[in-house]
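Student: Handing you a structure now.
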Amino acid sequence: MLKLRAIDASLHRMQHAVAVWSRQGWDAQMAPSPEHGNWVPVSDEGGRWAGWLDPLEWLTHESPKLGALSRSSGNEQLAVEMMSSMDQPIAFGIPDLAYERVHVGKPVSPARLRGAGLIRVTARECVVWLSHVTVSDRLDEAASHVFEQLAMVLDFEVGSSRVRLSTLRSIAPGDVLLVRDPMARVSCQGFTVGGYRRTGETIVMEEPMESTQGDTTLIPGASIERLPIELTFVLQRQRMPLAQLRTLVKGDMIEMMPGAEQRVEVRVNDSWIGSGELVQLDGRLGVCVTQWFGDDMNV
């Protein structure tokens with residue numbers, strides 16, 4: 001039984017958000033929760049993010065005089081009412097934190113925040129401590145260009161036939177298999193890319209064609225991004241003589257390479273695209289990426 005490092009899914013999402021925003025040039029960092037003051041829960045009504053802020057810090061930015069009066073009296077209610085009356089009381093620069101309307105809760109003590117993994121970001125009005133965030137899957141231009149070089153397998157089909165298993169068992173060299181449904185189709189991962197025609201020794205691509213396989217056709221104008229890509233995770237790869245391979249039976253022992261769980265390969269179409277560590281993510285098996293296709297740096 002492999003001893004795998006356990007990863008908390010919520011904390012991992014937060015750390016991922018910080019990494020993405022930092023690469024984009026935004027000031028965001030994981031930080032301990034604040035220990036003083038009262039805090040107001042705020043959240044995007046669309047559910048994309050949630051967090052906490054100091055209502056008096058927010059009010060002081062909006063009105064220094066009102067902020068000073070509220071701070072001296074220790075009353076956050078005015079700030080809460082003002083924020084609740086506004087659709088967008090907080091101005092973030094980070095695109096992932098864009099919203100249409102915010103929900104403002106009641107002030108709580110900092111003890112409610114203690115021990116939570118929070119992201120500290122600075123809005124125009126005040127510091128916001130995020131407890132939940134959803135980061136979009138946008139890919140920057142450089143990373144997108146790298147994956148344009150990922151090799152995909154195209155099948156140039158001439159047609160298909162359906163046969164019974166009994167027919168397959170009876171086939172022998174010299175038999176002729178009839179193509180019952182001729183179709184000059186180009187497919188990739190089960191999706192129709194288009195048609196083709198043969199001209200001498202050359203294949204000429206045609207426009208995307210209608211398919212009898214339902215929704216697996218890439219219709220004209222559809223994005224190639226719809227192609228499914230199957231990732232294979234390889235714990236170890238080793239050479240084995242054919243003679244030994246023939247004798248493999250249930251119960252045979254094969255030595256695992258030292259540290260194999262730290263160097264799991266991620267492959268597409270048998271091509272290496274990354275490596276990582278085998279981990280448990282909230283009880284589910286996962287691979288924490290340490291190297292990735294087109295990236296010279298370890299993560």
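Student: Across region 60-97, what is the number of residues that are outside any loop (DSSP other than H, G, I, E, B) and among the aliphatic types (A, V, I, L, M)?
Tutor: Summing the residues that are outside any loop (DSSP other than H, G, I, E, B) and among the aliphatic types (A, V, I, L, M) in region 60-97 gives 9.
Student: Something else about it: Just one of PRO64, PRO89 is under 31 Å from the mean Cα position of the chain (by Cα) and free of Cβ contacts under 8 Å to residues at least 60 places away in the same chain; which is it?
Tutor: PRO89
Student: Test of understanding: among THR212, THR167, THR192, which residue is under 34 Å from the mean Cα position of the chain (by Cα), among the hydroxyl-bearing types (Ser, Thr, Tyr) and either outside any strand (DSSP E or B) or modelled with pLDDT under 75 (or both)?
Tutor: Sole residue among the options that is under 34 Å from the mean Cα position of the chain (by Cα), among the hydroxyl-bearing types (Ser, Thr, Tyr) and either outside any strand (DSSP E or B) or modelled with pLDDT under 75 (or both): THR212.
Student: Turning to a different aspect of this structure: For region 170-189, how many residues meet the condition of being part of a loop (DSSP other than H, G, I, E, B) and under 40 Å from the mean Cα position of the chain (by Cα)?
Tutor: Qualifying residue count for the region: 1.
Student: Taking region 43-54 on its own, how many of its residues are part of a strand (DSSP E or B) and touching a Cys at 6+ places or on another chain (Cβ under 8 Å)?
Tutor: Final tally of qualifying residues: 1.
Student: Then there is this: Sort out which residues of region 240-282 are in a loop (DSSP other than H, G, I, E, B), at pLDDT 80 or above and under 30 Å from ARG13 (Cβ atoms), and write them in order of number.
Tutor: GLY259, ARG263, ASP282, listed by residue number.
Student: Go through (1) farther than 29 Å from ALA79 by Cα; (2) not aromatic (Phe, Trp, Tyr); (3) not in a strand (DSSP E or B) and name the single condition ALA6 misses.
Tutor: (3)
Student: Go through (1) surrounded by 10 or more Cβ atoms within 10 Å (Cβ to Cβ); (2) β-branched (Val, Ile, Thr); (3) modelled with pLDDT of 75 or more for ILE224 and report which single condition fails.
Tutor: Of (1) surrounded by 10 or more Cβ atoms within 10 Å (Cβ to Cβ); (2) β-branched (Val, Ile, Thr); (3) modelled with pLDDT of 75 or more, only one is false for ILE224: (3).
Student: Please state which of the following conditions VAL40 fails to meet, knowing it meets all the rest: (1) aliphatic (A, V, I, L, M); (2) in a helix (DSSP H, G or I); (3) surrounded by 19 or more Cβ atoms within 10 Å (Cβ to Cβ).
Tutor: In the conditions (1) aliphatic (A, V, I, L, M); (2) in a helix (DSSP H, G or I); (3) surrounded by 19 or more Cβ atoms within 10 Å (Cβ to Cβ), VAL40 misses (2) alone.
Student: So, one more: Take VAL80 and tell me if it is in contact (Cβ under 8 Å) with a residue 60 or more places away in the chain, surrounded by 13 or more Cβ atoms within 10 Å (Cβ to Cβ) and either on the phi > 0 side of the Ramachandran plot or among the β-branched types (Val, Ile, Thr) (or both).
Tutor: no
Student: May I ask you to verify whether GLN29 is in a strand (DSSP E or B) and either farther than 30 Å from MET253 by Cα or touching a residue at least 40 places away in the same chain (Cβ under 8 Å) (or both)?
Tutor: Yes; evaluated as a whole, the condition is true for this residue.
Student: Take LYS106 and decide whether it is in a helix (DSSP H, G or I) and surrounded by fewer than 12 Cβ atoms within 10 Å (Cβ to Cβ).
Tutor: Here the answer is no, as LYS106 does not meet what is asked.
Student: Could you pull out the residue among ALA143, ALA116 that is part of a loop (DSSP other than H, G, I, E, B), at pLDDT below 70, surrounded by 14 or more Cβ atoms within 10 Å (Cβ to Cβ) and out of contact with any Pro (no Cβ under 6 Å at 6 or more places or on another chain)?
Tutor: Going through ALA143, ALA116 in turn, just one is part of a loop (DSSP other than H, G, I, E, B), at pLDDT below 70, surrounded by 14 or more Cβ atoms within 10 Å (Cβ to Cβ) and out of contact with any Pro (no Cβ under 6 Å at 6 or more places or on another chain): ALA116.
Student: Can I ask one more? Being in the same structural domain as GLU35 (by TED's automatic domain parsing) and in a helix (DSSP H, G or I) is true for just one of GLU57, GLU100. Which residue is that?
Tutor: GLU57
The values are calculated or read from the model by the stated rules, or taken from the named source; none is laboratory data. This is a predicted model, so every value here is computed, not measured. Backbone-built Cβ (ideal geometry, glycine too); neighbour counts: all protein chains shown.
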